[in-house]
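What follows draws every value from the coordinates through simple rules; no lab data is involved. In this text, all values refer to a predicted model and were calculated from it rather than measured experimentally. Every residue, glycine among them, receives a Cβ derived from its backbone with ideal geometry; neighbour counts consider all protein chains shown.
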Amino acid sequence: MLRPATAADFAFIRAVAGSPDHAPFITDEDETALAAYLGDPAARLLIWEAEGRKAGFALFCEIGEPSGRVELRRLALAEVGGGQGQVFIRALVGHGFARLNARRLWLDASGENPRALRTYERAGFRLEGRLRQHWFRPALGRVVDLVLFGMLREEWESLEPLPTRA
């Protein structure tokens, strides 16, 4: 389940973004920056709940652009490696197209995050480009490649449903 984030969720968001699994790849924004998203009509900061607990967060931006593009700027699960990546990303993609009326959903990722790159490709995103040595990552102390992915509404509509767990 996806729901709008509130100020009460900021500690959770910051803890996830600052965890060792995510810090090299995700920018940890302070409470002031997170609060700005709550009041921005072109942004949606969301919490993903699974089994009655906070399990991840995501930030959509560029909502309402005349082109119909929507950026999935930041997303992370509280626990990595638990097999929830596809369910989470599919929920986000569905939200982007069905609720935010995107024509095109796009995101970027660190070229040094193979788990994310595989997850996005398996979820139906298409590799659209690589900006070499483009993004300085303070947690790594170096510049990394930025990898761009996109999905069009027609591609989302043709995705096969995820298998259900028994």
Item to check | Spacing of the two label points (7 Å from each Cα toward its C-beta) at Ala8 and Asp145, in nm | outcome: 4.4
Next on the checklist: Using only the alpha carbons of segment 36-116, what is the convex hull's orientation-averaged projected area in square nanometres?
Outcome noted: 6.0
Item to check | Contour minus Cα-Cα distance for Glu79 and Phe136 (0.36 nm per residue) | outcome: 18.0 nm
Checklist entry - For segment 1-135, max minus min Cα coordinate along each principal axis, in Å, sorted largest first? => result 36, 35, 30
Checklist entry - By the scheme Lys and Arg +1, Asp and Glu -1, what is the net charge of all other residues having a beta-carbon under 15 Å from that of Pro20? => result -1
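Subtracting the Cα-Cα distance from 0.36 nm times the residue separation, let me have the gained length for Leu159 to Glu121 in nm, one decimal. Walk me through the numbers before you get to the answer.
Details: separation 38, 0.36 × 38 = 13.68 nm, distance 1.21 nm.
The Leu159-Glu121 span can extend by a further 12.5 nm.
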Checklist entry - Based on Cβ point charges of +1 for Lys and Arg and -1 for Asp and Glu, what charge dipole magnitude is obtained for segment 16-114 about its Cα centre, in debye rounded to the nearest 20? => result 540
Checklist outcome for this item: Between Arg69 and Gln86, the two model label points (7 Å from Cα along the beta-carbon direction) sit apart by a distance in nm of 2.9
Checklist outcome for this item: About its Cα centre, the chain carries a charge dipole, from +1 on Lys and Arg Cβ atoms and -1 on Asp and Glu Cβ atoms, whose size in debye to the nearest 20 is 260
